[in-house]
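Shown next, in structure tokens, is the structure this report addresses.
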Amino acid sequence: MKTTGRAAIGARASSPAPSKPSRTYLAGTVYEALRRDILDREFVPGEPLTEQDLSRRYGVSRTPVREALAKLERDRLVRVVPKKGAFVRSISHDDVRELYQIREALEALAMRLAAPRFEREELQGFEARFRDIKARGAKATPADVRALGEEFHGVVLKRAGNARLLEALEEIREQIRPVWTMAVLAPRRVQGLVHEHLSIIEALKRPDARRAERLMARHVRRVRDTIFRLLD
């Protein structure tokens with residue numbers, strides 16, 4: 001577990017008449033903080049999560065920590081083993097395969113719905129930014145393409161105009177986020193991701209919605225295959 005300078009959740013600025021946070025509030029706040037730390041890989045897969053350590057880390061009692069862990073288990077980010085404790089959940093080959101089967105279908109559907117709704121100026125803006133990363137060559141960083149890729153996928157979902165689809169994809173993305181980060185950091189994947197997104201944008205500009213949908217599905221499969229290679 002990494003140590004950070006994050007302020008304790010239980011700590012509050014002084015005030016004339018401070019009120020004690022409710023247990024529900026503390027549990028929810030611990031849940032959000034611990035969830036963020038797991039997704040940011042402050043904790044590594046398989047690492048034990050003891051109530052005592054987490055209570056000290058977040059400056060709360062064990063009760064809100066216990067409630068937060070139960071909720072994170074339902075989110076499939078934590079695994080609770082009877083008589084042994086809680087652990088950061090490791091993602092298996094089967095997990096990746098099943099989640100990416102669903103993600104491929106949903107991302108392709110999102111592209112199909114979004115394609116007719118894109119403005120040409122919007123596409124040109126994304127194209128220019130991806131080409132800027134491409135021009136940097138080896139100097140381009142994974143953080144650059146990750147941020148822009150997430151923004152592009154977010155706009156695709158917004159243009160799709162389906163709230164249930166948005167909710168389903170966001171849930172899947174949260175589950176695969178730790179290993180997806182590994183795929184972005186893989187050697188030569190930065191420029192590969194740039195090329196894949198530029199191909200999708202070019203299809204949207206034509207406009208060729210069917211090709212854009214196929215390219216989106218292929219992009220998702222390539223990310224999955226990179227993750228498989230890294231997990232082996």
Mind running the shape call on the range 114-164? Use the C-alpha gyration tensor, a ≥ b ≥ c as the square roots of the eigenvalues: rounded below 1.5 for a/c, prolate if a/b tops b/c, oblate otherwise.
oblate
Using θ = phi - 60° and the Karplus curve 6.51 cos²θ - 1.76 cosθ + 1.60, what whole-Hz ³J(HN,Hα) does each residue of the range 84-90 get, with Gly and Pro shown as x?
10, x, 9, 9, 5, 5, 8
Just grab the label-to-label distance for Thr24 and Leu230, each label 7 Å out from Cα along the Cβ direction, in nm (one decimal).
3.9 nm
Going highest first, how would you order 29-38, 164-173 by mean Cβ packing within 10 Å?
29-38, 164-173
Rounded to whole Hz, the Karplus (6.51, -1.76, 1.60) HN-Hα couplings of the range 42-50, x for glycine and proline:
5, 10, 8, x, x, 6, x, 10, 8
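Kindly identify the range 186-232 as rounded, prolate or oblate by the Cα gyration tensor criterion: order the square roots of the eigenvalues as a ≥ b ≥ c, call it rounded if a/c is under 1.5, otherwise compare a/b with b/c, prolate if a/b is larger, else oblate.
Here the range 186-232 falls in the oblate category.
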Sum -39500 (n - 2.57) across every DSSP H segment of at least 4 residues in the chain, then divide by the residue count to get the 222 nm mean residue ellipticity, nearest 500.
-23000 deg cm²/dmol
Nonlocal amide H pairs with Val78, under 5 Å, H built at 1.01 Å:
Glu73, Arg89
Counting heavy atoms of the protein chains only and a 1.4 Å probe, report the per residue accessible area for the chain as a whole number of Å².
57 Å²
Over the range 79-199, what is the relative contact order in percent, taking alpha-carbon pairs closer than 8 angstrom and at least six residues apart?
35 percent
Mean Kyte-Doolittle of at least 0.0 plus a Cα span of 15 Å or more along the axis: flag which DSSP H helices in the chain meet both, please.
163-185, 189-205
Taking the chain as a Gaussian network, where each spring joins two C-alpha atoms under 10 Å apart, which residue of Ala183, Ala138, Ala70 fluctuates the most?
Ala138
How high is the relative contact order of the chain? Use alpha-carbon pairs under 8 Å, at least six apart in sequence, and give a whole percent.
22 percent
Along the charge dipole of the chain, which of Leu77, Gly46, His93 sits closest to the positive end, that is, farthest toward it, with unit charges on the beta carbon of Lys, Arg, Asp and Glu (+1, +1, -1, -1)?
Gly46
Using only alpha carbon pairs under 8 Å that are at least six residues apart, calculate the relative contact order of the range 28-81 and give it in whole percent.
42 percent
For the chain, the accessible surface attributable to carbon and sulfur atoms (probe 1.4 angstrom, ligands and nucleic acids excluded) amounts in percent to 51 percent
What shape does the range 109-232 take by its C-alpha gyration tensor, where a ≥ b ≥ c are the square roots of the eigenvalues and a/c under 1.5 counts as rounded, a/b above b/c as prolate, and the rest as oblate?
oblate
Is there a quick way to get the dipole size of the chain? I mean about its Cα centre, with the Cβ of Lys and Arg at +1 and of Asp and Glu at -1; what is the value in debye to the nearest 20?
200 debye
Most fluctuating of Arg159, Arg76, Arg136 in the GNM of the chain (C-alpha, under 10 Å) is Arg136
So if we plug the beta-carbon distance of Asp94 and Leu39 into 1/(1 + (r/R0)^6) with R0 = 22 Å, what FRET efficiency do we get, rounded to 0.05?
0.60
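The values are calculated or read from the model by the stated rules, or taken from the named source; none is laboratory data. From a predicted model like this one, the values you see are computed outputs, not experimental measurements. Note that each Cβ is placed from the backbone with ideal geometry, even for glycine, and that neighbours are counted across all protein chains shown. When the accessible area is computed, the model is the full protein with side chains, heavy atoms only, and any ligands, DNA or RNA have been set aside. Shrake-Rupley method; radii C 1.70, N 1.55, O 1.52, S 1.80 Å.
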